[in-house]
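Reading through the structure tokens given below for one structure.
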Amino acid sequence: MKIVIFGSGLIGSQVAAELADAGHDVKALGRADGIDITTGAGIAEAVDGADVVVDLTNSPSWSDEDVLAFFRDGTSHILAAEEKAGVGHHVILSIVGADRLPDSGYMRAKIAQEDLVKAGPTPYTIVRSTQFFEFVAGIADAGTTDGTVHATQAHLQPIASRDVVSHVAEVVTGAPRNGTVEIAGPEPLGIDELVRRLFVVTGDKRSVISDPEAGYFGAKLDNSALTPTPGADAWIAPTTYDAWLAEKA
């Protein structure tokens, strides 16, 4: 298969490598390759002849207006180019629980992206993932004030990026679902607990306060907001957080 991936970051680079190892003709493209999805530059040439297009891009700015414009404009440009090129499958990576957190501008933008894909001309699959283990450090940094991390006890069910890659690659080489699949790690854990376990391994000396009022990038959480949807038959990844931390150590 000829597969074009927009986005060459943490997930995009790994998905490209896995698909290439499996014998597919795959390219992971970003700004350095002349691609600008917000203007459409380079997209038509990139998707010409592609069987599958995978959108793993992310907004460089998380302000509400910027992130909405990024996903709205970028998705519209990609879908238009796909229609002209006759692409047979459009895959995006979204977020488990995005529809449950309307107070978050980022989550609203991801839902807008999903809606465009659903209404678009290309057969599609939306992969909704829980947060990655690799992003716990960023969550801690976002919650830090004067050397203390304020983190909610509300649960995430985080997942190793390599497990995300494995399932995304499986979706990419399969038939379009014209629907949404959910993937998650094997265990729900409070964000405060995730941060504490990370700090034990990394030796970070910041204190962690369990704070039920601590937000999550603009939204307040409960235990169900960012865990798999009941009845969604989510794919549960094998790698536990503690196993991942042990490898990190």
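The values are calculated or read from the model by the stated rules, or taken from the named source; none is laboratory data. In this text the structure is predicted, and so the values were computed from the model without any measurement. Neighbour counts are summed over all protein chains in view; Cβ atoms, including those assigned to glycine, are modelled from backbone coordinates with ideal geometry. What goes into the accessible areas is simple: the full protein's heavy atoms, side chains included, and nothing from ligands, DNA or RNA. Shrake-Rupley method; radii C 1.70, N 1.55, O 1.52, S 1.80 Å.
Points worth noting:
- Extreme residue, nearest to PHE133 (Cα to Cα), among residues of segment 1-12 that are open to solvent by less than 60 Å² (accessible area, probe 1.4 Å) and assigned to a loop (DSSP other than H, G, I, E, B): GLY9
- The residue list ALA85, ALA81, ALA50, ALA20 contains one member that is touching a strand residue (DSSP E or B) at 6+ places or on another chain (Cβ under 7 Å) and crowded, with 16+ Cβ neighbours inside 10 Å, which is ALA50.
- Here SER63 does not qualify as at pLDDT below 95, surrounded by 16 or more Cβ atoms within 10 Å (Cβ to Cβ) and more than 13 Å from GLY120 (Cβ to Cβ).
- When the residues of segment 124-147 are filtered to those that are open to solvent by 30 Å² or more (accessible area, probe 1.4 Å) and more than 20 Å from the chain's Cα centre (by Cα), the one that is farthest from SER166 (Cα to Cα) is ASP146.
- Qualifying residue in segment 235-244 (condition: open to solvent by 20 Å² or more (accessible area, probe 1.4 Å), touching a strand residue (DSSP E or B) at 6+ places or on another chain (Cβ under 8 Å), in a loop (DSSP other than H, G, I, E, B) and more than 29 Å from HIS24 (Cα to Cα)): no
- Check on VAL15, open to solvent by less than 60 Å² (accessible area, probe 1.4 Å) and either within 23 Å of ASN178 (Cα to Cα) or out of contact with any Ser or Thr (no Cβ under 8 Å at 6 or more places or on another chain) (or both): yes
- Residues in segment 187-198 that are touching a residue at least 40 places away in the same chain (Cβ under 8 Å) and open to solvent by less than 50 Å² (accessible area, probe 1.4 Å): LEU189, ILE191, ASP192, LEU194, VAL195, LEU198.
- Of the residues making up segment 97-123, just one is under 14 Å from the mean Cα position of the chain (by Cα) and part of a loop (DSSP other than H, G, I, E, B), namely GLY97.
- Residue match in segment 80-96 (condition: under 22 Å from GLN153 (Cβ atoms), touching a residue at least 24 places away in the same chain (Cβ under 8 Å) and either in contact with a helix residue (DSSP H, G or I) (Cβ under 7 Å, 6 or more places away or on another chain) or part of a helix (DSSP H, G or I) (or both)): yes
- Answer residue from segment 23-47, given it is assigned to a loop (DSSP other than H, G, I, E, B) and in contact (Cβ under 8 Å) with a residue 24 or more places away in the chain and is most open to solvent (accessible area, probe 1.4 Å) among those: THR39
- When ARG177, ARG196 are checked against the criterion of being of a type outside the set (A, V, I, L, M) and in a helix (DSSP H, G or I), ARG196 stands alone in meeting it.
- Of all the listed residues (ALA160, ALA219, ALA249), the sole one being touching a helix residue (DSSP H, G or I) at 6+ places or on another chain (Cβ under 6 Å) and surrounded by 15 or more Cβ atoms within 10 Å (Cβ to Cβ) is ALA160.
- All of GLN153, GLN113 fail the test of being open to solvent by 20 Å² or more (accessible area, probe 1.4 Å), of a type in the set (S, T, N, Q) and free of Cβ contacts under 8 Å to residues at least 60 places away in the same chain, apart from GLN153.
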